[in-house]
Amino acid sequence: MSWATLFERAAEYEVRVDDVRGALATRRGERSSDAERARDSEGATTDTPAADPDPSPARVVADADVLATDLLVGGPARDALDHVRAHSWVTLVASNPLLDDAEAVITTVGDADLAAEWRGAVEDLRDPVAHPAGDHPALASALHGDAMHVLTVDEGLQSAAAGAAVRGRVEASVRSPRAFAAVFDARSLYEAVEGGEYPGPDRDPRA
């Protein structure tokens, strides 16, 4: 199914960004409680590897809230991810837990059929990456997927304090989709990561 068709289907639902935030917070809160109970019962700990010193500026992680907002709301989230869809050399990095979260949110505020159709489309777009269970899916995807950008609508993750804590583990900038779309410069990025003259977008972002 094309992205254009998915966006048309999703427009049937009157979803707000706050609806997406709330559904994701509920899902991750429940999973966090389950993980804490599992750690208490097993007494296990997981070591976190150091951040990759040289992540790629052409590798982007969109948190589950951005992925769901792109589909169900549009706006800055869609503008940001259109840059990924329009350029074959810009990579969306996402772990299975990250896509699972987005699919669950879309099911909650949309419906299961739409979520399944979206999952099929995004699987063709993303570069899969694995990370330890219990890690934050977006930050861990950036860490293990050598991504320089993490997009989120979670204002807590965008704060200065959170940014300082994140950079201790992940050499990635955490910003809103609006901020990412504003600073994205395809020409200079192409010259930096691919070399040569920028040929323009090479994919239809609605295909």
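The values are calculated or read from the model by the stated rules, or taken from the named source; none is laboratory data. Since the model is a prediction, treat every value here as computed from it, not as a measurement. Every residue, glycine as well, gets a Cβ built from its backbone with ideal geometry; the counts of neighbours run over all protein chains shown.
Mind checking which residues of the stretch 191-207 are in a loop (DSSP other than H, G, I, E, B) and in contact (Cβ under 8 Å) with a residue 24 or more places away in the chain? Before the answer, list the steps.
Of the residues in the stretch 191-207, the ones in a loop (DSSP other than H, G, I, E, B) are 194-207.
Across the stretch 191-207, the qualifying residues are 194, 201, 202, 203, 204, 205, 206, 207.
Any residue in the stretch 85-95 that is in contact with a helix residue (DSSP H, G or I) (Cβ under 8 Å, 6 or more places away or on another chain), farther than 30 Å from residue 196 by Cβ and modelled with pLDDT of 95 or more? There is at least one residue in the stretch 85-95 that is in contact with a helix residue (DSSP H, G or I) (Cβ under 8 Å, 6 or more places away or on another chain), farther than 30 Å from residue 196 by Cβ and modelled with pLDDT of 95 or more.
Collect the residues in the stretch 170-190 that are under 17 Å from the mean Cα position of the chain (by Cα) and in contact (Cβ under 8 Å) with a residue 12 or more places away in the chain, keeping them in residue-number order. Scanning the stretch 170-190 gives 170, 171, 172, 173, 174, 175, 176, 177, 178, 180, 181, 184. From the residues in the stretch 122-140 that are within 20 Å of residue 106 (Cβ to Cβ) and outside any helix (DSSP H, G or I), which one is nearest to the chain's Cα centre (by Cα)? Restricting to residues being within 20 Å of residue 106 (Cβ to Cβ) and outside any helix (DSSP H, G or I), the top hit is 126. Residues that are surrounded by 11 or more Cβ atoms within 10 Å (Cβ to Cβ), modelled with pLDDT of 50 or more and acidic (Asp, Glu) do occur in the stretch 46-67.
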